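The values are calculated or read from the model by the stated rules, or taken from the named source; none is laboratory data. Computed from a predicted model, the values in this text were never measured in an experiment. With ideal geometry, Cβ positions are generated from the backbone for all residues, glycine too; neighbour counts draw on all protein chains shown. Surface accessibility is based on the protein's heavy atoms, side chains included, excluding ligands, DNA and RNA. Shrake-Rupley method; radii C 1.70, N 1.55, O 1.52, S 1.80 Å.
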Amino acid sequence: QVQLVESGGGLVQSGGSLRLSCTASGNILSIYDMRWYRPAPGKQRELVAEITSGGRTNYGDSVKGRFTISRDNAKNTVYLQMSSLKPEDTAVYYCNVDIRRIFTPSVSDYWGQGTQVTVSS
């Protein structure tokens, strides 16, 4: 089994910062792309940021220049540093990770339980 555990959410004032973490555990052979999502009006969800196994990053337009995604491969952890937060960033943030399990030939994606971020004006 694989588990993703998120932490770091909370309440912050507009203009403040938070850092989210998502750690994968279980019978993991390899971890590939790692992503953060949040719900968006009119969509199922919005890609906030992603980072490949090689370290390339991509950001949603609404967070470019304010959020930074990073990863620590030794800890199976992905981070999302959020700065200059705005009330419209308020959401539950979910991590999504591509993982190949031990003794499994295919790669599957797994989801964290979500962590609430609330930005007050």
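General remarks:
- Normalised by 2.2 N^0.38 Å, where N is the number of residues, the C-alpha radius of gyration of segment 59-115 stands at 1.38.
- Our summary gives segment 54-111 a relative contact order of 20 percent, counting only alpha carbon pairs under 8 angstrom and 6 or more residues apart.
- Heavy atoms of Leu29 accessible to a 1.4 Å probe, total area in Å² rounded to 10: 100
- Å² of accessible area per residue within the chain, as computed with a 1.4 Å probe and no ligands counted: 53
- Heavy-atom accessible surface of the chain: percent carbon and sulfur, 1.4 Å: 46
- Computed magnitude of the charge dipole of segment 35-121 (debye, nearest 20; Cβ of K, R +1, Cβ of D, E -1): 140
- The string of couplings for segment 89-106 from the Karplus curve (6.51, -1.76, 1.60, θ = phi - 60°) is 7, 4, 4, 8, 9, 10, 8, 9, 10, 8, 9, 9, 7, 4, 6, 10, x, 9 Hz, one whole number per residue in order, with x for Gly and Pro.
- Sites listed here are trypsin sites (Lys or Arg not before Pro) in segment 2-105 whose DSSP assignment is loop and whose Cβ has at most 11 other Cβ atoms within 10 Å: Arg56, Lys64.
- Approximate shape of the chain as ellipsoid semi-axes (Cα gyration tensor, √5λ), whole Å, largest first: 26, 13, 13
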